[in-house]
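Before any comments, here is the structure.
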Amino acid sequence: MSSGLALSVAMVLITTAALHAYWAFGGLWPAKNEQDLARTVVGANGITKMPGRNLTLVVSLLMFLAGIWPLAIVELITLPLPDWLVTLGMIVITLVMLARGFGGYLPVFRNANAEQPFAQLDMQFYSPIIIALGLSCLLILLLEWSAS
């Protein structure tokens, strides 16, 4: 079960990483222009353009790494790291996802990221998906710990 769950989490995160790389190099989907894209996927108050290429590529890389980590924890791939570091990385990824997902419902986050359509999309889709990914990572961790 944990292998299938790890593959599902990996697919979502690696696909999202690829989408961020696409945006870093000027891709506009799902919008028609940069301002609409920034308001759709970033949502920071007053945003008129996407974050810079380097920052977006860093986010893409981090999402890619977060995507391969579940595969490593269930031993579908091997990382050149000690087991304790693979476990620690998975714990950090889980906590970051849960914090971001649940944080999307906090007034401080909502007030800082109130541009539409991001604010609505975050409430309906982004935060729930990130919470589901975080809970999936937590379940993977628990299943792996109970198996060892």
ask   = Quick one: would you say Gly43 is open to solvent by less than 20 Å² (accessible area, probe 1.4 Å) and free of Cβ contacts under 8 Å to residues at least 60 places away in the same chain?
value = no
With the first residue restricted to the stretch 22-33 and required to be modelled with pLDDT of 95 or more, and the second required to be outside any loop (DSSP other than H, G, I, E, B) and not hydrophobic (A, V, I, L, M, F, W, C), Cβ contacts under 7 Å at 6 or more apart or on different chains are Trp23/Thr56; Ala24/Arg53; Ala24/Thr56; Ala24/Ser60; Leu28/Glu34; Pro30/Thr40; Ala31/Thr40
Of the residues in the stretch 50-79, those that are closer than 19 Å to Ser3 by Cβ and either not in a helix (DSSP H, G or I) or not hydrophobic (A, V, I, L, M, F, W, C) (or both) come to Gly67, Pro70, Val74, Glu75, Leu76, Ile77, Thr78, Leu79
Based on this model, can you work out whether Leu88 counts as within 17 Å of the chain's Cα centre (by Cα) and part of a helix (DSSP H, G or I)?
no
*Condition check for Ala38: at pLDDT 95 or above, assigned to a helix (DSSP H, G or I), within 25 Å of Tyr22 (Cβ to Cβ) and in contact with a Lys or Arg (Cβ under 7 Å, 6 or more places away or on another chain)*: yes
Exercise. On the given criteria, is Pro80 closer than 26 Å to Phe109 by Cα, open to solvent by 40 Å² or more (accessible area, probe 1.4 Å) and not aromatic (Phe, Trp, Tyr)?
Worked result: no
Determine whether Leu139 is closer than 23 Å to Val74 by Cβ, open to solvent by 90 Å² or more (accessible area, probe 1.4 Å) and in a helix (DSSP H, G or I). no
Conditions (1) open to solvent by 30 Å² or more (accessible area, probe 1.4 Å); (2) touching a Pro at 6+ places or on another chain (Cβ under 7 Å); (3) not acidic (Asp, Glu) -> Ala10 fails only (1)
Across (1) within 17 Å of the chain's Cα centre (by Cα); (2) open to solvent by less than 80 Å² (accessible area, probe 1.4 Å), Tyr105 clears everything bar (2)
* Asked: Taking the condition open to solvent by less than 30 Å² (accessible area, probe 1.4 Å), assigned to a loop (DSSP other than H, G, I, E, B) and out of contact with any Phe, Trp or Tyr (no Cβ under 7 Å at 6 or more places or on another chain), does Ala31 pass?
  -> yes
Taking the stretch 108-136 and keeping residues under 13 Å from the mean Cα position of the chain (by Cα) and within 21 Å of Thr48 (Cα to Cα) leaves Asp122, Tyr126
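Residue-wise test of (1) within 25 Å of Gln120 (Cα to Cα); (2) under 20 Å from the mean Cα position of the chain (by Cα).
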{"position": "Ala21", "(1), (2)": "yes, yes"}
{"position": "Pro30", "(1), (2)": "yes, yes"}
{"position": "Val41", "(1), (2)": "yes, yes"}
{"position": "Ser60", "(1), (2)": "yes, yes"}
{"position": "Ala66", "(1), (2)": "no, yes"}
{"position": "Glu75", "(1), (2)": "no, no"}
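The values are calculated or read from the model by the stated rules, or taken from the named source; none is laboratory data. Quick caveat: nothing in here was measured; it's all calculated off a predicted structure. Ideal geometry is used to build each Cβ from the backbone, glycine not excepted, and the neighbour counts take in all protein chains shown. Keep in mind that these areas ignore ligands, DNA and RNA; they rest on the heavy atoms of the full protein, side chains included. Shrake-Rupley method; radii C 1.70, N 1.55, O 1.52, S 1.80 Å.
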